[in-house]
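Please read the structure below before turning to the comments.
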Amino acid sequence: MSMKHSFRFSFPSSLLGLFALSLALLNPVAVHAESTTATSKSKTSSKATKQKAKPKKKSAEADDGEFANFSQWKEVNAFIDEMVERNGFDKAALQAVFSKARYLDTAIQLIKPAPSGKPKNWQAYRARFVEPKRINAGVDFWNEHELALSRAEAQYGVPAEIIVGIIGVETVYGRNTGNFRVMDAITTLTFDYPKTANRDARMAFFRGELENTLLFARESNVDPFSLLGSYAGAIGWPQFMPSSIRQYAVDFDGNGKIDLRNSPVDAIGSVANFLKIHGWQRGEPTVFPATVTDTAKAEDLINQGLEAKFSPDELKAAGVIPGAELPAGLRYGVVDLQNGTAPTDHWLATNNFFAITQYNRSYFYAMSVIDLARAVRTARGQQ
C-alpha cells in the first residue's frame, strides 16, 4: 500500500535484505482487532516498570494522544532489540520512531469489553448495519464499481454482494476509515492493554501487529506515522490490520501499488482474496433458517467452533429442523442469534458463513454482512 505522503521513513539499505518474521496468531487472524481473539503467547511482561511515565487520561473524544516517552519504556526497548535481531532494523532509527509515538487513552477506553450483564440482542445489532443509509450507499458503490466486483467474483469466487456487504459494514463504503495514527494506537495497545481476562493474549496480538506495521511501512517506503486507521489500528476501506495487509491485500486496480485507504478497487480484490484464502467455496450458500425443537439436544451442536461440522442427519437427530431443503453433500454449523429476552434465532451455517467469521469472529457480524448484502442486492434490483 503506497499512501500519498510528503515524507518517507527509511532504514539503511544494507539492512533491507533480511526476511521479515511475523508474530501472527496461531489460528486464522481476523482482519481487524476489535473482535479478534488472539491465541498466541508473548514473553512481554504485563507489569509496569519504573521507567514508565504513564500520561494522564484524556477525554474519549481526543485522538491525538499524549507524549509518553515510549522510547524509555523497558518493554519497548526489548521489542526494539527483537526487531533489530529478527528483521534487521536500525536500533537508533526505531528509538527515534518510538520517541515520537503518542499514548492514546481513547484506544484504551474503546478496546475495553462492554459491561457484562446486558443480554445480547441480534435485532438491535442488525439495525445498526442493515438500514437505509447503508443500503443506498451500497447500491451506489455497486453501480460505480460493477466491473471490479464482477472481476473479483470471477477470479476469487466470492459473490459481489458479499464483498459489498463487508465493505459496507466496515466503513460505510469508505466514509468511516478512522483518523487515528496507527503507530500510536497499536503501540499503546501493545504495551498498556487494559487489564482484562485475555490481556496477555491481546498484548501478544498487538505486538505482532506492531511488528507488521513497521515492516509494512518499510516495505512500502512510507512514514509509519502517516498510516491512519481505527482505534485498534485497522486501515482503509476494508479495515485490514497491518498483518492482513501484508498477507492478503492485492493490487487489484493494477497500478503497481496496494492502497486500501484510497483505492476501493484494491479493497474489493483484497476482501475477495481474504475470503478465498480463508475457505470460501465458489457457488456454495451461506446460511439456512432453522427451528430448534429440542433445546437440550441442540445445545451440544451450538458453539462448536467456527466450522461446519454436522450432517443433515446429525442435525435432525438433535431436533434441528431446516427451514428449507439443504443441498446434498454439505455440512453445517448451528448458529444462535440471541435476541435479548425474545426468542433466539437459529440458522444453519455453511463453511462460507464461517469464512466471513474469519474476518471478524462474531456470528452477529457475519450475519449482518449477509443481510446487508441481500438488502443491497434487492434494492439494486428494484432500480
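Out of Ala154, Ala107, Ala127, Ala201, report the one residue that is part of a helix (DSSP H, G or I), free of Cβ contacts under 8 Å to residues at least 12 places away in the same chain and farther than 30 Å from Gly254 by Cα. Steps first, please.
Values: Ala154 fails: farther than 30 Å from Gly254 by Cα; Ala107 fails: free of Cβ contacts under 8 Å to residues at least 12 places away in the same chain; Ala201 fails: free of Cβ contacts under 8 Å to residues at least 12 places away in the same chain.
When all the criteria are applied, what remains is Ala127.
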*Selection count, region 178-191, where residues are part of a helix (DSSP H, G or I) and open to solvent by 10 Å² or more (accessible area, probe 1.4 Å)*: 0
*Identify the single condition in (1) of a type in the set (Asp, Glu); (2) more than 23 Å from the chain's Cα centre (by Cα); (3) open to solvent by less than 60 Å² (accessible area, probe 1.4 Å) that Glu144 does not satisfy, given that it satisfies every other one.*
(3)
*asked:* Can you pull out every residue in region 273-294 that is of a type outside the set (Val, Ile, Thr) and out of contact with any Gly (no Cβ under 8 Å at 6 or more places or on another chain)?
replied: Asn273, Phe274, Leu275, His278, Gly279, Glu284, Pro285
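Using the structure shown, decide if Arg86 is open to solvent by less than 70 Å² (accessible area, probe 1.4 Å), part of a helix (DSSP H, G or I) and under 21 Å from Ala234 (Cα atoms).
Numbers: open to solvent by less than 70 Å² (accessible area, probe 1.4 Å): yes; part of a helix (DSSP H, G or I): yes; under 21 Å from Ala234 (Cα atoms): no.
No; evaluated as a whole, the condition is false for this residue.
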*Within region 149-192, restricting attention to residues that are within 14 Å of the chain's Cα centre (by Cα) and small (Gly, Ala, Ser), which residue is nearest to Ser99 (Cα to Cα)?*
Gly178
*Restricting the search to region 338-383, which residues are over 24 Å from the mean Cα position of the chain (by Cα), hydroxyl-bearing (Ser, Thr, Tyr) and closer than 14 Å to Glu131 by Cα?*
Thr378
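Applying the selection to region 150-164, what residues are of a type in the set (A, V, I, L, M) and within 10 Å of Val271 (Cβ to Cβ)?
Passing the criteria: Ala152, Val158, Ile162, Ile163, Val164.
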*With respect to the numbered conditions (1) of a type outside the set (Phe, Trp, Tyr); (2) closer than 28 Å to Ile111 by Cα; (3) open to solvent by 10 Å² or more (accessible area, probe 1.4 Å); (4) touching a residue at least 40 places away in the same chain (Cβ under 8 Å), which one is the sole condition not fulfilled by Arg175?*
(4)
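Criterion first (open to solvent by 50 Å² or more (accessible area, probe 1.4 Å), farther than 18 Å from Gly178 by Cα and touching a helix residue (DSSP H, G or I) at 6+ places or on another chain (Cβ under 8 Å)) does Arg246 satisfy it? Before you say what the answer is, go through the steps one by one.
Details: open to solvent by 50 Å² or more (accessible area, probe 1.4 Å): yes; farther than 18 Å from Gly178 by Cα: yes; touching a helix residue (DSSP H, G or I) at 6+ places or on another chain (Cβ under 8 Å): yes.
Considered against the rule, which asks whether it is open to solvent by 50 Å² or more (accessible area, probe 1.4 Å), farther than 18 Å from Gly178 by Cα and touching a helix residue (DSSP H, G or I) at 6+ places or on another chain (Cβ under 8 Å), Arg246 comes out as yes.
The values are calculated or read from the model by the stated rules, or taken from the named source; none is laboratory data. Not measured: the values here are computed from a predicted model. FYI the Cβ positions are ideal-geometry reconstructions off the backbone, even for glycines, and counts take in every protein chain you see. The area values use the complete protein model at the heavy-atom level, side chains included, leaving out ligands, DNA and RNA. Shrake-Rupley method; radii C 1.70, N 1.55, O 1.52, S 1.80 Å.
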